[in-house]
1. Being outside any helix (DSSP H, G or I), open to solvent by 20 Å² or more (accessible area, probe 1.4 Å) and within 18 Å of Ile193 (Cβ to Cβ) narrows it down to one residue among Thr155, Thr99; which is it?
2. If I go through the range 175-189 residue by residue, how many of them are under 13 Å from Val147 (Cβ atoms), surrounded by fewer than 20 Cβ atoms within 10 Å (Cβ to Cβ) and modelled with pLDDT of 95 or more?
3. Of (1) among the polar types (S, T, N, Q); (2) farther than 23 Å from Leu36 by Cβ; (3) within 9 Å of the ligand (Cβ to nearest atom), Ser67 satisfies all except one. Which?
4. Please go through the range 107-145 and pick out each residue that is assigned to a helix (DSSP H, G or I) and of a type in the set (A, V, I, L, M).
5. In a helix (DSSP H, G or I) and within 30 Å of Phe142 (Cβ to Cβ): does that describe Ile104?
6. Please pick out the residue among Leu36, Leu29, Leu82 that is in contact with a Ser or Thr (Cβ under 6 Å, 6 or more places away or on another chain) and open to solvent by less than 70 Å² (accessible area, probe 1.4 Å).
7. Being over 16 Å from the mean Cα position of the chain (by Cα) and within 13 Å of the ligand (Cβ to nearest atom) narrows it down to one of Gly42, Gly108, so name that one.
8. Can you pull out the residues in the range 158-174 that are in a loop (DSSP other than H, G, I, E, B) and surrounded by fewer than 16 Cβ atoms within 10 Å (Cβ to Cβ)?
Amino acid sequence: MSKETFVAMQRSIVDGAPDIASQLAGQALRAGISPLDAINQGYVPGMHEVGEQFARGQMFLPDMMASAEAMRAAMALLDPELKKLGTERPMEGIVVLGTTKGDIHEIGKILVGTLLSAHGFRVHDLGVDVSGEKFAAMAHEFRADIVGVSALLTTTMRNQKSVIEALEKAGLRPHVKVMVGGAPVTRRWADEIGADGYAKDAMTAVVLARSLMQRKVQHPVAEQA
Ligand code: B12
């Protein structure tokens, strides 16, 4: 499949056209294109363009919502294919994932969850607008190894810190690694709030989660210090 297909996928997101986005995803799968390539080279660049146009005032909220709808339509086909990859693998670890309080962006977080599942992690997705207390309660209930916190707004990033504080308050922090992500989040921010790691995209999140699991296993004593 050609570069034009990826460009058409990008266009379908910018145009907010769910039918076309879904049709192209189906075609890509039938042509043997990896679902991850379709996402990373087709649909996600479309989302970035939407964000840029919105920031320039060339697009408005309803347009952005239509683009999100188109992305969801494509993901409805691609997501199950990605998840299939994980069924044959040994369990790598338990992850509790969510978007911070005040924030309803979920597309990237869902993608992170899908890829973690596809690589053998058991993922409990708490959804969006999740308080620190809820993260802590669910981390306890599911015996999470890792808590993953997404934030897409500069105003909700600080709630990632609240999640860490809630884990500390619940006495869970020594047992749970925290990874953070989302468009405005940086490694520096992750360090500043005391997170264990930051990843810029879903595939890097898998690599990070694996390394956090290794740190958990190899340094259990140091971890509790
Ligand atoms: C789609 C979208 C929406 C949709 C969300 C739909 C949904 N169900 O998710 C809707 C229309 C609802 C929306 C609403 C708003 N949005 Co909006 N939105 C976007 C947009 C265009 C794309 C986001 C997206 O899905 N990207 C695609 C995914 C795949 O990428 P991603 O989310 O970054 O995720 C990847 C990485 O960040 C990372 N990652 C993500 N989470 C995590 C978690 C962990 C643990 C790890 C390790 C990694 C990780 O991996 C992901 C996969 O590779 C962005 C622009 C942008 N470039 O981000 C604006 C953007 C985020 N939105 C913005 C704004 C302003 C808003 C609104 C405030 C607008 C308004 N006036 O109401 C509201 C906020 C509502 C709220 N309270 O949350 C601004 C934020 C500005 C800022 N700096 O704070 C942006 C940047 C647009 C802009 N350029 O101005 N939005």
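1. Values: Thr99 fails: open to solvent by 20 Å² or more (accessible area, probe 1.4 Å).
Going through Thr155, Thr99 in turn, the sole match is Thr155.
2. Let us first name the residues in the range 175-189 that are under 13 Å from Val147 (Cβ atoms), namely 175-181.
When the remaining residues are screened for being surrounded by fewer than 20 Cβ atoms within 10 Å (Cβ to Cβ), the result is 175.
Now restrict to residues that are modelled with pLDDT of 95 or more: none.
Final tally of qualifying residues: 0.
3. (2)
4. Going through the range 107-145, the residues assigned to a helix (DSSP H, G or I) turn out to be 107-118, 132-141.
Those that are assigned to a helix (DSSP H, G or I) and of a type in the set (A, V, I, L, M): Ile107, Ile110, Leu111, Val112, Leu115, Leu116, Ala118, Ala136, Ala137, Met138, Ala139.
5. Numbers: in a helix (DSSP H, G or I): no; within 30 Å of Phe142 (Cβ to Cβ): yes.
So Ile104 does not fit the description; no.
6. On the way: Leu36 fails: in contact with a Ser or Thr (Cβ under 6 Å, 6 or more places away or on another chain); Leu29 fails: in contact with a Ser or Thr (Cβ under 6 Å, 6 or more places away or on another chain).
That would be Leu82, the only listed residue that is in contact with a Ser or Thr (Cβ under 6 Å, 6 or more places away or on another chain) and open to solvent by less than 70 Å² (accessible area, probe 1.4 Å).
7. Gly42
8. Pass one, the range 158-174, residues in a loop (DSSP other than H, G, I, E, B): 170-172.
Across the range 158-174, the qualifying residue is only Gly171.
The values are calculated or read from the model by the stated rules, or taken from the named source; none is laboratory data. Bear in mind the structure is a predicted one, so any value in this text is a computation, not a measurement. Here Cβ is always computed from backbone atoms with ideal geometry, including for glycine, and neighbour counts include all displayed protein chains. Remember, those area values only see protein heavy atoms, side chains included, never the ligands or the DNA or RNA. Shrake-Rupley method; radii C 1.70, N 1.55, O 1.52, S 1.80 Å.
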